[in-house]
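Student: Before I ask anything, here is the structure I am working with.
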């Protein structure tokens, strides 16, 4: 029995070491493909994606932070206040931060479960400990689903508006951010009244973040 326990512990430590190396490597290495991209590639028969550097993402960082995680520069990956608020109000979206979404989108799967949530939390803390905030946003902006079979803000900018991400206007960036919760069902180019109103709120939030230092953890924040 002791030998079995030692073997299990030894292999567990090896697996943990491999996972840590993979996550740490993500600070520099572009993820080749994600689980969600594979699923959509099988469903759609093709993918639209084009990796861009952080400095090529135009106004998108401010827009997605305003839309998804306004305290991105203040928290350590897990926003405890947002989690508590989400638990108290069933109408709110889940309390997932952008870092948690990176952990899920790059390393895990979409189906919700306690197992995934536990792994997601652990990976989130490791990402925050080893990646810069700039890198976290860069990866998020390149792997987020932004349309049916469309991934990343460069592909989204081309798909919805026919421009590069760096050339998006603040309004266009806000509209892309507004469709993120349901990118297969919403249209950034021909927005519904809901998306239009949501985009206006996001644009206001992005302007507020710029003025009050809410983007200070990022270059040119």
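Quick note: the coordinates plus some simple rules give every number you see, no bench work behind them. Since this is a predicted model, take the numbers as computed values, not measurements. So basically every Cβ, Gly included, is an ideal-geometry build from the backbone, and we count neighbours across all protein chains shown.
Student: Quick one: if the Förster radius is 25 Å, what FRET efficiency do residue 30 and residue 7 give, using the C-beta to C-beta distance and rounding to 0.05? Could you put the intermediate results ahead of the total?
Tutor: On the way: r = 36 Å, r/R0 = 1.43.
FRET efficiency, residue 30 to residue 7: 0.10.
Student: While we're here: Go ahead and collect, in residue order, the members of the stretch 130-167 whose backbone nitrogen is under 19 Å from a label point 7 Å along the Cα-Cβ direction of residue 208.
Tutor: Inside the label zone: nothing.
Student: Same structure, new question: Label residue 14 and residue 71 with points 7 Å out from Cα along Cα→Cβ: what is the distance between them in nm?
Tutor: Inter-label distance under the simple model: 4.1 nm.
Student: Based on other C-beta atoms within 10 Å, arrange 161, 76 from fewest to most.
Tutor: Numbers: 161 18, 76 12.
Fewest-to-most ranking of 161, 76: 76, 161.
Student: Compute the distance from the alpha-carbon center of the stretch 172-189 to that of the stretch 1-63, in whole Å.
Tutor: 24
Student: According to the square roots a ≥ b ≥ c of the eigenvalues of the Cα gyration tensor, what is the shape class of the stretch 138-194, taking rounded for a/c under 1.5, prolate for a/b larger than b/c otherwise, and oblate for the remainder? List each step's numbers first, then the result.
Tutor: Numbers: a/c = 1.57, a/b = 1.13, b/c = 1.39.
Oblate, because a/c is 1.5 or more while a/b does not exceed b/c.
Student: Against the longest principal axis of the chain, how steep is helix 170-179, in degrees 0 to 90 to the nearest 10, with axes from Cα atoms?
Tutor: Tilt relative to the chain: about 50 degrees.
Student: Something else about it: Ignoring everything except DSSP H segments at least 4 long, calculate the 222 nm mean residue ellipticity for the chain; use -39,500 (n - 2.57) per segment, divide by total residues, nearest 500.
Tutor: On the way: 10 runs with 129 residues, N = 221.
Computed ellipticity for the chain at 222 nm equals -18500 deg cm²/dmol.
Student: Springs between alpha-carbon atoms under 10 Å, Gaussian network over the chain: tell me which of 114, 28, 51 tops the mean-square fluctuations.
Tutor: Greatest mean-square fluctuation among the candidates belongs to 114.
Student: Compute the acute angle (0 to 90°) between the alpha-carbon long axis of helix 35-44 and the principal axis of greatest extent of the alpha-carbon atoms of the chain; round to the nearest 10°.
Tutor: Once rounded, the angle reads 60 degrees.
Student: Compute the helix-to-body angle for 133-143: its Cα long axis versus the longest principal axis of the chain, expressed 0 to 90° and rounded to tens.
Tutor: Helix 133-143 and the main axis of the chain meet at about 80 degrees.
Student: What is the fewest-to-most order of 60, 20, 1 by other Cβ atoms lying within 10 Å of their Cβ?
Tutor: Numbers: 60 31, 20 13, 1 5.
Ascending Cβ contact count within 10 Å gives the list 1, 20, 60.
Student: Rounded, prolate or oblate: pick one for the chain, where a ≥ b ≥ c are the square roots of the eigenvalues of its C-alpha gyration tensor, a/c under 1.5 means rounded, and failing that, prolate if a/b is larger than b/c, else oblate. Spell out each step's value before the answer.
Tutor: Numbers: a/c = 1.80, a/b = 1.56, b/c = 1.15.
Taking the square roots of the gyration eigenvalues as a ≥ b ≥ c, the chain is prolate.
Student: Using a Gaussian network model on the chain with a 10 Å cutoff between Cα atoms, which of 147, 118, 58 fluctuates the most?
Tutor: The residue that fluctuates most here is 118.
Student: If packing is taken as the average number of other Cβ atoms within 10 Å across a peptide's residues, how do 5-16, 172-183 rank, most packed first?
Tutor: Result, highest mean Cβ count within 10 Å first: 172-183, 5-16.
Student: Fewest Cβ neighbours within 10 Å first, please rank 64, 106 accordingly. Walk me through the numbers on the way to the answer.
Tutor: Numbers: 64 26, 106 21.
Ordered by Cβ neighbours within 10 Å, fewest first: 106, 64.
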